[in-house]
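Here, each number is a calculation from the coordinates, and none is a lab measurement. A quick note: this is a predicted structure, and the numbers were derived from the prediction, not measured. Using ideal geometry, Cβ is built from the backbone for each residue, glycine included, and neighbour counts are taken over all protein chains shown.
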Amino acid sequence: MGIQAHALRIAAEGAVAAYKHIVGEAWKPFDRPVENPGHSVDRKAAAAQISAFD
């Protein structure tokens, strides 16, 4: 497991370095903006389903 974890870490570091080389800027994690922070996912899903019938 240790060898596998090390190999995955090295692969991830290589992917980040390749991204920087190709894109020209450092990789940063995706940060999705929160839409209507007071509503739950279930409520959003129900609203989307209802709007499909309009």
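Per q in 0.13, 0.26 Å⁻¹, report the Debye log10 I(q)/I(0) for the chain, using one uniform scatterer on each alpha carbon and no solvent. Computed log10 I(q)/I(0) values: -0.65, -1.03. Taking 0.36 nm per residue of sequence separation and removing the Cα-Cα distance, the ILE10/ARG43 pair yields an extension gain of 7.7 nm. Using a simple spin-label model with pseudo-atoms 7 Å out from Cα toward Cβ, SER51 and GLU35 lie 0.6 nm apart. Considering only LYS44, LYS20, LYS28, the mean-square fluctuation computed in a Gaussian network model of the chain, springs between alpha carbons under 10 angstrom, is largest for LYS44. Relative to the Cα centre, the charge distribution of the chain, modelled as +1 at Lys and Arg Cβ and -1 at Asp and Glu Cβ, gives a dipole magnitude of about 160 debye.
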